[in-house]
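**Student:** Quick one: this structure, given as structure tokens, is what I'll be asking you about.
The values are calculated or read from the model by the stated rules, or taken from the named source; none is laboratory data. For clarity, every value in this text was computed on a predicted model and none was experimentally measured. FYI the Cβ positions are ideal-geometry reconstructions off the backbone, even for glycines, and counts take in every protein chain you see. The area values use the complete protein model at the heavy-atom level, side chains included, leaving out ligands, DNA and RNA. Shrake-Rupley method; radii C 1.70, N 1.55, O 1.52, S 1.80 Å.
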Amino acid sequence: MDCIMDCMAIFDHHVCNGVCGCCGALRPRYKRLVDNIFPEDSEDGLVKANMEKLTFYALSAPEKLDRIGAYLSERLSRDVSRHRYGYVCIAMEALDQLLMACHCQSINLFVESFLKMVAKLLESEKPNLQILGTNSFVKFANIEEDTPSYHRSYDFFVSRFSEMCHSSYEDMDIRTKIRMAGIKGLQGVVRKTVNDELQANIWDPQHMDKIVPSLLYNLQQVEETESHVDSPVYMNLCALPVSSFTIVLGEPKTWQPQSTGGIVLKGKAAAVGGRTLSRSPSPLQNADKEKDIPAELAERCLRELLGRAAYGNIKNAIKPVLMHLDNHSLWEPKVFAIRCFKIIMYSIQPQHSHLVIQQLLSHLDANSKSAATVRAGIVEVLSEAAAIATTGSVGPTVLEVFNTLLRQLRLSIDYELTGCYDSVLNIGTKIIKEHEERMFQEAIIKTIGSFASTLPAYQRSEVMLFIMGKVPLPSMHHPMMEPGRPGENRNRLIQIMLLKSLLQVSLGFQCSNMLTALPSSFLDPLLSSALMEDAELRLFVLEILVSLIDRHDNRQKFLSISTVPDIAVLKLKVDKCSRQDTLFMKKHCQQLYRHIYLSCNDPGNVQAHYEALYALLLMISIELANEEVVVDLIRLVLAVQDLALNNEDNLPAYNRCALHALCAAYLNLISQLTTVPAFCQHIHEVIEMRKKEGVYLLPEDIFIEKPRWSKSVDRIDSELLFLQSKVSEVLGGSGYNSDRLSTPYVPQLTDEDRLSKRKSIGETISVQVEVESRNSPEKEEKAPAEEITFETLKKAMVDSVAVEEQERERRRLVVEKFQKAPFEEIAAHCGARASLLQSKLNQIFELTIRPPPSPSGTITAAFGQSQNHSIPVYEMKFPDLCVY
């Protein structure tokens, strides 16, 4: 059989060369030139002299190039079908040389023949032929064509190369080489088509859904590669920008597969079924072992692909990544998902970062009923992406980002409380694990902080106001508080999670003008939260206030409360109070003082609360204090001392001792900041006296793991107390306002106290009735007291809300009218109001003022009436502008 095959091959070759018969001389010249490049024995390789003649002929007669390509394609197809692989390699080498040498306008038809031959090789089941075709295609991809092509299609190549990327060949080495060839082929397709507007759009979903998953699949197969993939150097590659890589699609390295029944190439020999054929050096020949691995090559190709993506193509490139992670359940370990998106964020253009973030947010919404571990993985990826994104790159829809995250946070709380994803528990419904939902909630909060860290100060302020508006508070502005035990649990969880999110946003917040960064619309509801019964909520509010006021990172120096002998060791960063800070304190200082005072009076406080209160007092003293503020803070702390001493609200002994210790620590520090020797001496004397006779009044014995306090805190000698008279005297002598210092601080009671849970409804009503009875005049007869019922209170609340809504609507209509109405209508309206006001004034003056007598007397008018010569002032007509 081998002899028969050899005879047929020799006969075929002689026929093609025109030796047999007289027809050879009549063959076209281009066919004779093509035939001459093939040797009698393929072992001899390409006939270089004849190849040079063929190349010169193709350059001289470019119109023959398409025929040369067609004839070479015909010969290659015949050689492939007859398993004459030596001649196949020679044909492809000739095609490569012609392709590199010729750049005429008729190159398109030659390329069509070339691509048909490459496709023929890729369709083969032989790994060597697939890699041979891939190498030729990669060379072709590097060529910049002078003439455009209107009808060329690469659909087959995208599909075939993607299929090669998923090769499952039995031999590990051969499988690796096939996959690498597929990745190089995809890289060549991208290089060839991405900038050619005449080609089929490579960014279409039909192509991206094949290319991107193929690259990710190989990027995922790290465990099949060498151990150096896990080295820190390789793992850090994903953190490098795309500009750090020089990607060259040059001649691919060759491959020497083991003999597996196919063809094995060594040196210049190619063995086919025991017969040796020589050939010239080809891209498959290389004695060095291939050093690249599929994972590294896939990463470089993915980086190049994303680096070339325009604004409108990012979505099509990211969606397959999300689908691949979904289909292969890669969100839960989240290591590979984070690595993928690090590559993406470092590869795309910085201005496109927000598009990736929006895609992730949309995917999070689409998976709102997936397992908590899946949602947590998506959120972790969001956090990493936000950390990489440049400042302000989140895009114009900043609040939309936070709204999505907060919505997912609320849904998670509902899932945690109900135990299922649907309101009605059906058979087969997934049972939710509480600890997984808590993990997801913490991931959301971390992500909110990551997003906020990329925003400028003014946007952070807007985000904080937005989050604060979502916190349910027991006030007239939030009537949606859910009653009952389940509703209270939900409200409390939402409050805690939103305040934790707000704390994350406030970390590192720095602004020069706190008056505009922290408006009343934000501070008022935040301070209202400080009066709630829940100790955890109050602690979050205090930490948020400290974080917002601390602009020089002094908070870390006051993590514990102590009486520092010399504050110079703390190396505090203190700046002079600016004009904006002074205006801020003039507007909000009484609110802050009042809430600090009331927070100190809470029996549920623990050590963490006192540490936060101490830090808040110090931050105000360091960041926002002028002389007036210092005086007010000292008055406030002395009032807190009186609060602990008088104990009108029956505070526990520990809390009273803690308040005394808090006052000692703060006055010790503020005395050193004011640098008034007499003030420092008084504070030092009291502290030293406490060390001898009342250590339970100092922070060193109270704010420790096992605090030591005394139950005899009701009887404290005056020597152990900071006296207001003494403080007023020593500070007054140094230029401070002694009158203000001698006046005890009394907090202002507001409507907010009636809404807080510290006062019952009955107490509020009794206070209101008492005030009304005091204000009523004694001579007035007492009206019968109206019976106060639940319906009465409900009606009063509804009526007040309705009046507020009506007033708000009226104001909106007035503003809208002045914004949209024409000028003539506005002028007429103002003129009518001026005329109406003038007429009312005339009526008032007519009733209250008599006209002055005329200096020239009176004259008699018609009908016998007297008339004054002088015009009274009230009858004078003033200009409309003055009246208005």
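**Student:** From the list Glu824, Glu807, Glu846, Glu816, exactly one residue is modelled with pLDDT under 80 and either exposed (fewer than 10 other Cβ atoms within 10 Å of the Cβ) or not in a helix (DSSP H, G or I) (or both). Which is it?
**Tutor:** Glu824
**Student:** Continuing with this model, one more query. Which one is least open to solvent (accessible area, probe 1.4 Å), of the residues in segment 305-328 that are out of contact with any Ser or Thr (no Cβ under 9 Å at 6 or more places or on another chain) and in a loop (DSSP other than H, G, I, E, B)?
**Tutor:** Ala310
**Student:** Taking into account only those residues within segment 297-338 that are farther than 20 Å from Val190 by Cα and either out of contact with any helix residue (DSSP H, G or I) (no Cβ under 7 Å at 6 or more places or on another chain) or among the hydroxyl-bearing types (Ser, Thr, Tyr) (or both), which is modelled with the lowest pLDDT?
**Tutor:** Pro333
**Student:** Right, Ala644: under 19 Å from Arg555 (Cβ atoms), outside any loop (DSSP other than H, G, I, E, B) and in contact (Cβ under 8 Å) with a residue 12 or more places away in the chain or not?
**Tutor:** no
**Student:** Say we look at segment 125-167 and pick out the residues that are in a helix (DSSP H, G or I) and among the small types (Gly, Ala, Ser); which of these is modelled with the lowest pLDDT?
**Tutor:** Ala141
**Student:** Among the candidates Ser60, Ser73, single out the residue that is open to solvent by less than 40 Å² (accessible area, probe 1.4 Å) and among the hydroxyl-bearing types (Ser, Thr, Tyr).
**Tutor:** Ser73
**Student:** Right, Glu437: acidic (Asp, Glu), open to solvent by less than 10 Å² (accessible area, probe 1.4 Å) and either in a helix (DSSP H, G or I) or modelled with pLDDT of 90 or more (or both) or not?
**Tutor:** Answer is yes for this residue.
**Student:** Any residue in segment 154-178 that is aliphatic (A, V, I, L, M) sitting within a Cβ distance under 7 Å of a residue that is assigned to a loop (DSSP other than H, G, I, E, B)? List the pairs, counting only those 6 or more apart or interchain.
**Tutor:** As it stands, the answer is Ile174/Pro257; Ile174/Thr260; Ile178/Ser167; Ile178/Tyr169, since those pairs meet every condition given.
**Student:** Now for a separate question. Please give the number of the condition Arg708 fails out of (1) in contact with an Asp or Glu (Cβ under 9 Å, 6 or more places away or on another chain); (2) open to solvent by 40 Å² or more (accessible area, probe 1.4 Å); (3) assigned to a helix (DSSP H, G or I); (4) in contact (Cβ under 8 Å) with a residue 12 or more places away in the chain.
**Tutor:** (3)
**Student:** Which condition number in (1) open to solvent by less than 20 Å² (accessible area, probe 1.4 Å); (2) touching a Ser or Thr at 6+ places or on another chain (Cβ under 9 Å); (3) closer than 26 Å to Lys470 by Cβ is the one that Trp331 fails?
**Tutor:** Every listed condition holds for Trp331 apart from (3).
**Student:** Please verify whether Met585 is open to solvent by less than 50 Å² (accessible area, probe 1.4 Å) and in contact with a Cys (Cβ under 9 Å, 6 or more places away or on another chain), treating the condition exactly as stated.
**Tutor:** yes
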